[in-house]
1. Can you tell me which residue in the stretch 268-299 is surrounded by the most Cβ atoms within 10 Å (Cβ to Cβ), limited to those that are more than 29 Å from Glu150 (Cβ to Cβ) and out of contact with any Ser or Thr (no Cβ under 7 Å at 6 or more places or on another chain)?
2. Restricting to the stretch 91-108, give me the number of residues that are within 16 Å of ligand 2 (Cβ to nearest atom) and closer than 19 Å to Gly5 by Cβ.
3. Against the definition (under 25 Å from Ala137 (Cβ atoms), within 16 Å of ligand 1 (Cβ to nearest atom) and surrounded by fewer than 24 Cβ atoms within 10 Å (Cβ to Cβ)), how does Tyr74 come out, yes or no?
4. Would you confirm whether or not the stretch 138-150 contains a residue that is among the basic types (Lys, Arg) and touching an Asp or Glu at 6+ places or on another chain (Cβ under 6 Å)?
5. Among the numbered criteria (1) farther than 30 Å from Gly231 by Cα; (2) surrounded by fewer than 19 Cβ atoms within 10 Å (Cβ to Cβ); (3) within 16 Å of ligand 1 (Cβ to nearest atom), which one does Thr138 miss?
6. Identify, please: which residue in the stretch 27-40 is modelled with pLDDT of 95 or more and surrounded by fewer than 22 Cβ atoms within 10 Å (Cβ to Cβ) and is, among those, farthest from ligand 2 (Cβ to nearest atom)?
7. Do we find that Glu136 is of a type in the set (D, E, K, R), modelled with pLDDT of 95 or more, farther than 23 Å from Ala206 by Cα and out of contact with any His (no Cβ under 9 Å at 6 or more places or on another chain) in this structure?
8. Name the residues in the stretch 41-71 that are within 15 Å of ligand 2 (Cβ to nearest atom) and surrounded by fewer than 18 Cβ atoms within 10 Å (Cβ to Cβ), would you?
Amino acid sequence: MKKQGLVKLTKSGLYCERGDFYIDPWLPVKKAVLTHAHADHTYRGNQDYLVPEEGKRLSRIRLGDEARISTQKYGAAADINGVKVSFHPAGHVLGSAQVRVEYKGEIWVISGDYKLMPDATCTAFEPVKCHHFITEATFGLPIYRWQPTEFIFEEINDWWRRNREKEKVSVIFAYSLGKSQRIMNGIDRTIGRIFTHGAVERLTQAYRESGVDLPETKYVGAVENRKEFAGSLIVAPPSSHGSTWLRKFGVYSTGFASGWMIVRGARRRKAVDRGFVLSDHADWTELQTAIRGAEAETVYVTHGFIPELVRWLNENDINAKPLKTQYVGDENEEGDVLKDEFAKQEVETE
Ligand SMILES: [Zn+2]
Ligand SMILES: [Zn+2]
């Protein structure tokens, strides 16, 4: 039996009419169910929010003190006007969830952003079977395949150690929510001290309060004697790259941690000394694993390489359709801004 129509795309975002709620809406609505706290999924101005309990501190930072936020744990179910709504781990960042929506036996899963690669700063992705699966396709091309995370952390550790030996500061650019904390958790914290940009520090504190194991950090703005920075690691958002803020560190080397760093042109364009291929999104293989795991009769593809992934799925006997949302790239997110320019260039081969 074909079941469809429970969730549809409207000008405000994905809408469940039967339950009268939206998932990650981008225009103000009455009831918003959110997958995670990245800026392009968590917009302000909605009347009521339902967010995963595990990410409530991050949602609060994004939405402000006034927002009316209810939380719900992974696996628990809410009844919204007769529709069953539950969150399931997406493995993307702390408190990220796939939203499962069920009504009269029809099941939809809106996966938001997700990854299958292990990440100690958040709960691992959990496959959820459904009739209709909505997937992202940020890295939906075969050229995007990640190496095991341990290799990447070895690279970052080596880079930091060598800089330290040369009395250089190491400045790593990473998205302030998720990537920054994943780096801090995974690097060798015995190498030296870690300082943070203000945007990173605030979210890092929220991670700590949520029980994530992170090394001690110090906010750059609280440092009076610049000699303290010698040999340290500075974790800063990509937007601080090229700013005068960096001058206080004296002699430094720069690195950028992002999935896009797999593409040579992206690294050159970003003008960083080192690119570290570390992503919080599924790579080509992970997308396939997640999509197959959902066992859906229809897969809707959104965000990123939509036609490419849709074509591949249909050629491989998975019924897939494009879902064009009004998606706006955000610098807090995994460099969607870079995508169009660099995605189809050659893969880094060094
Ligand atoms: Zn995200
Ligand atoms: Zn996103």
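The values are calculated or read from the model by the stated rules, or taken from the named source; none is laboratory data. Quantities reported herein were computed from a predicted structural model and do not represent experimental measurements. Virtual Cβ from ideal backbone geometry, glycine too; neighbours counted across all protein chains shown.
1. Of everything passing the filter in the stretch 268-299, Ala296 is surrounded by the most Cβ atoms within 10 Å (Cβ to Cβ).
2. Count: 1.
3. Taking the combined requirement at face value, the residue does not satisfy it.
4. yes
5. Thr138 satisfies every listed condition except (2).
6. It comes out as Lys30.
7. Taking the combined requirement at face value, the residue does not satisfy it.
8. None; the set is empty.
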